[in-house]
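S.K.: Provided herewith is a single structure, encoded as structure tokens, for subsequent inquiry.
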Amino acid sequence: GQQLNQSPQSMFIQEGEDVSMNCTSSSIFNTWLWYKQDPGEGPVLLIALYKAGELTSNGRLTAQFGITRKDSFLNISASIPSDVGIYFCAGYNAGNNRKLIWGLGTSLAVNP
Amino acid sequence: DTGVSQDPRHKITKRGQNVTFRCDPISEHNRLYWYRQTLGQGPEFLTYFQNEAQLEKSRLLSDRFSAERPKGSFSTLEIQRTEQGDSAMYLCASSASGQGFGEQYFGPGTRLTVT
């Protein structure tokens, strides 16, 4: 099935560093979502974006809906150990009958 | 706790046995989704309900899989004659119509191991 291209695949950073990850698609989306998943748990919604060019923050997290509607970015500032986990992007179009199209995830490790 | 709940959290079964999982969505949500996730992958869509109507099923959902949402509230996912390839995390999510499209809220998942 369709998948989003998410990069990087994994990151290992020092506590306090900023993190950037992105997601691209060959097709446009009306909604971009960013989720975080801890081992053995379900994904938790972090940020939802609905408009091209939109920039939305949630605490230390900031995400942007790309102008072309084919990409999105997530930044985490001043990382802390509890930021460890897998971050997934997901795109949504009503035309997909309300299915989310997912990236493969970015695995983040933070060295305290 | 008003989030999505799933039961059981873990299930170990022998190949050939039937298993059933339950999902209780957020109470005001009329849309309910089932996904399957394997290691290193994002969730894969299985099926979707709006109220009690099952509106879409993925071709991943073989005839051994069946899902119901009889009263438009909780849902069950049954796998008959389990195979080792069915081992995965089964995730349930819910959303509300009128809410920002695509905002799906996930439960903690049911980890299935078929031996």
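S.K.: Sort out which residues of the range A:45-57 are more than 11 Å from the chain's Cα centre (by Cα) and within 13 Å of another protein chain (Cβ to nearest Cβ), and write them in order of number. Walk me through it before giving the result.
M.R.: Of the range A:45-57, the ones more than 11 Å from the chain's Cα centre (by Cα) are A:50-57.
Passing the criteria: A:Y50, A:K51, A:E54, A:T56.
S.K.: Would you mind telling me which numbered condition in (1) open to solvent by less than 40 Å² (accessible area, probe 1.4 Å); (2) over 11 Å from the mean Cα position of the chain (by Cα) A:Q14 fails?
M.R.: Of everything listed in (1) open to solvent by less than 40 Å² (accessible area, probe 1.4 Å); (2) over 11 Å from the mean Cα position of the chain (by Cα), A:Q14 misses just condition (1).
S.K.: Would you confirm whether any residue within the range A:91-103 is more than 9 Å from chain B (Cβ to nearest Cβ), of a type outside the set (D, E) and assigned to a strand (DSSP E or B)?
M.R.: So far as the range A:91-103 goes, no, none of its residues is more than 9 Å from chain B (Cβ to nearest Cβ), of a type outside the set (D, E) and assigned to a strand (DSSP E or B).
S.K.: Just the residues that are surrounded by fewer than 18 Cβ atoms within 10 Å (Cβ to Cβ) and in contact with a Ser or Thr (Cβ under 8 Å, 6 or more places away or on another chain), please, taken from the range A:71-94.
M.R.: Answer for the range A:71-94, where residues must be surrounded by fewer than 18 Cβ atoms within 10 Å (Cβ to Cβ) and in contact with a Ser or Thr (Cβ under 8 Å, 6 or more places away or on another chain): A:N75, A:S77.
S.K.: Is it the case, given these coordinates, that A:K99 is farther than 22 Å from B:E56 by Cα and among the charged types (D, E, K, R)?
M.R.: No.
S.K.: Still on this model: Would you mind finding the one in B:S75, B:S95, B:S87 that is buried (at least 21 other Cβ atoms within 10 Å of the Cβ), over 12 Å from the mean Cα position of the chain (by Cα) and among the hydroxyl-bearing types (S, T, Y)? Reasoning before the result, please.
M.R.: Details: B:S75 fails: over 12 Å from the mean Cα position of the chain (by Cα); B:S87 fails: buried (at least 21 other Cβ atoms within 10 Å of the Cβ).
It is B:S95.
S.K.: Given the condition more than 18 Å from B:V114 (Cβ to Cβ) and surrounded by fewer than 16 Cβ atoms within 10 Å (Cβ to Cβ), answer yes or no: does some residue in the range B:12-23 qualify? Break it down into steps so the answer makes sense when it comes.
M.R.: Keep residues of the range B:12-23 that are more than 18 Å from B:V114 (Cβ to Cβ), which gives B:22-23.
Now drop any that are not surrounded by fewer than 16 Cβ atoms within 10 Å (Cβ to Cβ), which leaves B:22.
Yes: the range B:12-23 contains one or more residues that are more than 18 Å from B:V114 (Cβ to Cβ) and surrounded by fewer than 16 Cβ atoms within 10 Å (Cβ to Cβ).
S.K.: Out of the range B:2-53, which residues are free of Cβ contacts under 8 Å to residues at least 60 places away in the same chain, more than 9 Å from chain A (Cβ to nearest Cβ) and on the phi > 0 side of the Ramachandran plot?
M.R.: Within the range B:2-53, B:N51 is the sole residue that qualifies.
S.K.: Shifting gears a bit: Is it the case that some residue within the range A:61-72 is closer than 23 Å to A:E15 by Cα and either within 14 Å of chain B (Cβ to nearest Cβ) or touching a residue at least 24 places away in the same chain (Cβ under 8 Å) (or both)?
M.R.: yes
The values are calculated or read from the model by the stated rules, or taken from the named source; none is laboratory data. Quick caveat, the model's predicted, so the values are computed rather than measured. Neighbour counts are summed over all protein chains in view; Cβ atoms, including those assigned to glycine, are modelled from backbone coordinates with ideal geometry. SASA here: full protein model, heavy atoms, side chains in, ligands and nucleic acids out. Shrake-Rupley method; radii C 1.70, N 1.55, O 1.52, S 1.80 Å.
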